[in-house]
Amino acid sequence: MKIWKKTACVLTIAILAGVPARDPGPVVVSAASTTREKLDRTQKEKENLEDELDRTQEKLENLEGKRDTLKKELDYLNAQLSAVVANLEELEQQIDDKEQEIADTQAALEEAKAAEERQYASMAVVARCLYEQQEDSYLVALLSSGSFSELLNMAEQIEKVVAYDQRMLQEYKESRILIEEHEERLRREMTELEELRGKAEEERDKVDGMVSQTSAAIAKYGDQISGAEKKALDYEAEIRKKEEDLEYLKKKLAEEIAKSQAAANGAWRDISEVSFSEGDRRLLANLIYCEAGGEPYEGQVAVGSVVMNRVLSSQFPDTVVGVIYQGGQFSPVASGRLDLALAADKATDRCYQAADAAMSGVTNVGNCVFFRTPIDGLTGINIGGHVFY
């Protein structure tokens, strides 16, 4: 390995300082495709999912609390409704009993009226017997008496019959009046019961409506709870997937770091041993444009140096094309941005200048073979917006 591969960054930066500055071209956000970047992104996504899960679980607990409160309210309303219904059933029974009592009273009243009418008829017959001028008239009966004592006895008997009839008539009248009064009282009670029944029905309908509304609210919260539970399960599944991804990426990052160390300690070719193909310069310049178009010139050279370090290392493909298009190494390749840049040759003069420097063997990152945006815990050479390792 040549000495320049092991020199410090100060010497290479001093060399690069003599290169005239040119227009940096359009600003392109760097998108270094490294396992560490994917690991960092996946970790952030996992944390975001965990935050969403926490919020969803908090919402779920809130919904469950509201649902439980509504269930307690529903239990109270159902108990209240049961009491109202029981009261209504009792009123209905009282009304039925009252209606039967009224019916019985009406029957008794009809019987009392009939008895009174029969008594009137009986008294009319007696009156006719006593006062009409017929053979069996009261006078004839008296005159036909065999003796005075018999006459007195007959008169007394007739008087008793008349008094009895009058007394019975009075009793029938009083009985009819009492029954009429009783019927009137029953009807008033019936009116009161019907009013109570009306109020009870209103209360029942009111409570029943509240039960329906509460049940609907519980069902609504149930739907929301089901949705929140499903969302929570989805978040948990995504988190598990991210955790699996993190484990994979951590393993891959460890492999990359090991590979970087292996590359540093492994065999290296001299830049003079590399044969460049037609189009390598344009390919490398446009990759630099995609990865570091908005970086300082030193950052653009550093990206080019990483590509060339891989070409020179025995741990990677030995051509520019092989290194750049090696699977899963540079995000502009995977996203298609590199192809778009190549089609229009978007690389600026400074990108081409950086590519020329790297292809000539200039490096400002030593033997680093990976780069990404800086993160905590990853050490390396920091240039512009990237850390090289």
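The values are calculated or read from the model by the stated rules, or taken from the named source; none is laboratory data. Keep in mind it's a predicted model, so treat the numbers as computed, not measured. Counting neighbours? That spans all protein chains shown, and the Cβs are built from the backbone with ideal geometry, glycine included. Ligands, DNA and RNA are stripped out before the accessible areas are found, and what is left, the full protein with its side chains, is counted by its heavy atoms. Shrake-Rupley method; radii C 1.70, N 1.55, O 1.52, S 1.80 Å.
Data table
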quantity: Residue identified as over 50 Å from the mean Cα position of the chain (by Cα), among the polar types (S, T, N, Q) and open to solvent by 10 Å² or more (accessible area, probe 1.4 Å) among T379, T319, T373; calculated: T319
quantity: The stretch 138-195, residues that are loosely packed, with under 12 Cβ neighbours inside 10 Å, charged (D, E, K, R) and at pLDDT below 80; calculated: E156, E159, K160
quantity: Every residue from the stretch 290-346 that is of a type in the set (V, I, T), in a helix (DSSP H, G or I) and within 21 Å of D356 (Cβ to Cβ); calculated: V301, V303, V306, V307, V311, V320, V321, V323, I324
quantity: Checking N309 against (1) open to solvent by less than 10 Å² (accessible area, probe 1.4 Å); (2) farther than 22 Å from I271 by Cβ, the condition it does not meet; calculated: (2)
quantity: Evaluation of N286 against (1) modelled with pLDDT of 95 or more; (2) part of a helix (DSSP H, G or I); (3) in contact with a strand residue (DSSP E or B) (Cβ under 9 Å, 6 or more places away or on another chain) (one fails), failing number; calculated: (3)
quantity: Unmet requirement for L253, which otherwise passes all of (1) over 33 Å from the mean Cα position of the chain (by Cα); (2) modelled with pLDDT of 80 or more; (3) not aromatic (F, W, Y); calculated: (2)
quantity: Pair list, Cβ under 7 Å, 6 or more apart: the stretch 57-82 residue under 13 Å from M210 (Cβ atoms), other residue small (G, A, S) and at pLDDT 80 or above; calculated: L70/A217; L74/S215
quantity: Pairs, first in contact (Cβ under 8 Å) with a residue 24 or more places away in the chain and on the phi < 0 side of the Ramachandran plot in the stretch 184-200, second among the hydroxyl-bearing types (S, T, Y) and assigned to a helix (DSSP H, G or I), C-beta under 9 Å, six or more apart; calculated: L186/T105
quantity: Residue, least open to solvent (accessible area, probe 1.4 Å), within the stretch 334-343, restricted to residues that are among the small types (G, A, S) and within 30 Å of K250 (Cβ to Cβ); calculated: G336
quantity: Meets criteria (open to solvent by less than 30 Å² (accessible area, probe 1.4 Å) and closer than 21 Å to K38 by Cα) for I271; calculated: no
quantity: Where G322 falls short, out of the listed (1) farther than 22 Å from G384 by Cβ; (2) modelled with pLDDT under 95; calculated: (2)
quantity: Condition met for A237 (over 30 Å from Q80 (Cβ atoms), part of a helix (DSSP H, G or I), out of contact with any helix residue (DSSP H, G or I) (no Cβ under 9 Å at 6 or more places or on another chain) and without any contact (Cβ under 8 Å) to a residue 24 or more places away in the chain); calculated: yes
quantity: Residue in the stretch 89-110 that is open to solvent by 30 Å² or more (accessible area, probe 1.4 Å), closer than 30 Å to E243 by Cα and touching a residue at least 12 places away in the same chain (Cβ under 8 Å) present; calculated: no
quantity: Boolean, Y289 is over 22 Å from G384 (Cβ atoms) and touching a Pro at 6+ places or on another chain (Cβ under 9 Å); calculated: no
quantity: Odd one out for P374 among (1) without any contact (Cβ under 8 Å) to a residue 24 or more places away in the chain; (2) over 30 Å from K250 (Cβ atoms); calculated: (2)
quantity: Residue count, the stretch 216-241 (criterion: open to solvent by less than 50 Å² (accessible area, probe 1.4 Å) and at pLDDT 75 or above); calculated: 8
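So that you can scan it fast, the table gives a plain yes or no per residue for (1) on the phi > 0 side of the Ramachandran plot; (2) modelled with pLDDT of 80 or more; (3) surrounded by fewer than 16 Cβ atoms within 10 Å (Cβ to Cβ):
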position: K38; (1), (2), (3): no, no, no
position: K44; (1), (2), (3): no, yes, yes
position: D51; (1), (2), (3): no, yes, yes
position: T56; (1), (2), (3): no, yes, no
position: K59; (1), (2), (3): no, no, no
position: L63; (1), (2), (3): no, no, no
position: T69; (1), (2), (3): no, yes, yes
position: Y76; (1), (2), (3): no, yes, yes
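Listed here are the residues, each with its yes/no results for (1) open to solvent by 40 Å² or more (accessible area, probe 1.4 Å); (2) closer than 9 Å to A285 by Cβ.
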{"site": "P332", "(1), (2)": "no, no"}
{"site": "D345", "(1), (2)": "yes, yes"}
{"site": "D349", "(1), (2)": "yes, no"}
{"site": "Y352", "(1), (2)": "no, yes"}
{"site": "A358", "(1), (2)": "no, no"}
{"site": "N364", "(1), (2)": "no, no"}
